[in-house]
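Quick notes on the structure that follows.
Just so you know, all these numbers are worked out from the coordinates, no wet-lab data involved. Only a predicted model underlies this, so the values are computations on that prediction, with no experimental measurement involved. When we count neighbours, we look across all protein chains shown, and the Cβ atoms used for this are built from the backbone with ideal geometry, even at glycine.
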Amino acid sequence: MDQNELITMTKKEVKRYEIINDLIAKKIDGTEAAKLLGLSVRQTKRLKNKVRRTGIKGIVHGNRGQESNRQIDKIIINQAKEYLNKTYYDFNPLLAQEKLFELNKIKLGKETVRQIMISEKLWQPRKKSSIKKHFWRERKDNYGEMEQFDGSYHNWFEGRNESEVGLEQCLLLSVDDATGKITKAKFEYNEGVVPVFRFWKEYLEAKGAPISIYLDKFSTYKVNHRNAVDNEELMTQFQRATNQLGIRVIHANSPQAKGRVEKMNGTLQRRLVKEMRLAKINTIAEANIFLDKIFIPKFNNQFAVVPRKKANLHQKLNDKKISELNKIFSVQSFRKINNDYTIRFKNNYYQLNEIQPTMVCKKDEVIIEEHLNGEIKIAIRNYYLNYFKLPERPKKEIDVKLIALTNRKPANWKPPFNHPWRQQFLYKKQPILAATNK
């Protein structure tokens, strides 16, 4: 052995060398040395002979300083570095590892990718002290027992196509509490009544009604957001609709209370944004197709957990309930009938026809239903009333000398010449709605 050769040893190896020297010097016997080394007597004897032949080198592992047989080819590492710097520069290590394999056919471990990204200054490792500990509420037992629901405003398209979709869009999201699955996600321009109703109508038609929906009380940041709308109206309408469907609504007192959907929002803001960038998706319509057909199935397959119990508690809707969804998920307001059998609603005037499917009196209260397709229906006692829209506000209210409208024309009475019933043909009116029993 070269006298000037420098040999690096660990503390464990130094201790082993001292024990073997004591054994060679017969200060201890083989059994005692084996106990001190934590080896068998046979292994200890072999180590003693190796030290006698090669000296201190006998303690050091033979592969010390040698390149590993399992070392990754430097060409592959360089290719990975190129893709990481060019395409995946803002990805986290797990997503970068997935995309390197999926799109570039480079198979590396997550830790390998992480170390490369750290060395390339693309990833900053978190300190253990900065990781917050959360105490999660125990999951529900069954799929469909509780859906956590939220809307997330974010620059989902990273400024692409801003003239069409705006700078920020709203992702409506429901996450199953028992499985962690994304049960539905849809991009909208805001979290108003109509988008939320459209979301849940589609959900119920596809999956049925969950037992409960867990959502927040629409915190201040949403009300102040420039795309946000009147959330007080949303809560009133949403509560009514879910009551009619027999779905329990649970209000969270803080974002942490519904932490699974909040955490999912954060995950999607990191992952979904980059997936859409790679897929060159720039519109809400394209994004919603991508969510349904590609992203959600793949995401759930990778990250969903197995629930404690196997039952699916979604209640499938019967044909009658499905036929009522348009009514249930309409925005409903109350109005009173005027003396001339007109109804004012949102600065528009609607004239009831002379013939109605049920008795209608002045000052009766009716329900104005704004359906998701834009259609307006006027309802009373489970009947839809016949009406037409007036082109402008009536110049003067005409007190019609009729106690009530019924299912036949009143005998011995004719409306005044200037009443809309006599002048319908002059108006560019909407088609008269057929009265049907609801």
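Laid out as a table, the results:
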| read-out | value |
| --- | --- |
| Extension gain, I403 back to L167 (0.36 nm per residue minus Cα-Cα distance, nm) | 79.4 nm |
| Range of Cα positions in the range 346-385 per principal axis (Å), largest first | 28, 22, 17 |
| Rh (Kirkwood; distinct C-alpha pairs) - the range 331-426, Å | 13.8 |
| Extension gain, D141 back to K280 (0.36 nm per residue minus Cα-Cα distance, nm) | 46.2 nm |
| Relative pair counts by distance (%), Cα atoms of the range 264-328, 10 Å bins | 16, 32, 27, 25, 1 |
| Label-to-label distance, nm, for residues given as D22 and I289 (7 Å Cα→Cβ offset) | 7.7 |
| Over the range 253-411: Kirkwood hydrodynamic radius from C-alpha pairwise inverse distances, Å | 20.8 |
| Proportion of all alpha-carbon pairs of the range 74-125 beyond 13 Å (%) | 46 |
| Inter-label distance, nm, simple model (7 Å from Cα along the C-beta direction), K15/K320 | 7.9 |
| Cross-link reach list, lysines versus K401, counting only Cα pairs under 23 Å and skipping chain neighbours closer than eight places | K336, K362, K363, K389, K409, K414 |
| Ranked list, fewest to most other Cβ atoms within 10 Å of each Cβ, for D90, D73 | D73, D90 |
| Of K263/K321; K81/K184; K50/K110; K201/K298; K12/K45; K110/K310, pairs whose Cα-Cα distance is over 28 Å | K263/K321; K81/K184; K50/K110; K110/K310 |
| Pairwise label distance in nanometres, H251 with Q302, each label 7 Å out on the Cα-Cβ vector | 3.8 |
| Rg in Å to one decimal, and Dmax rounded to a whole Å, for the range 298-338 via C-alpha atoms | 19.3, 60 |
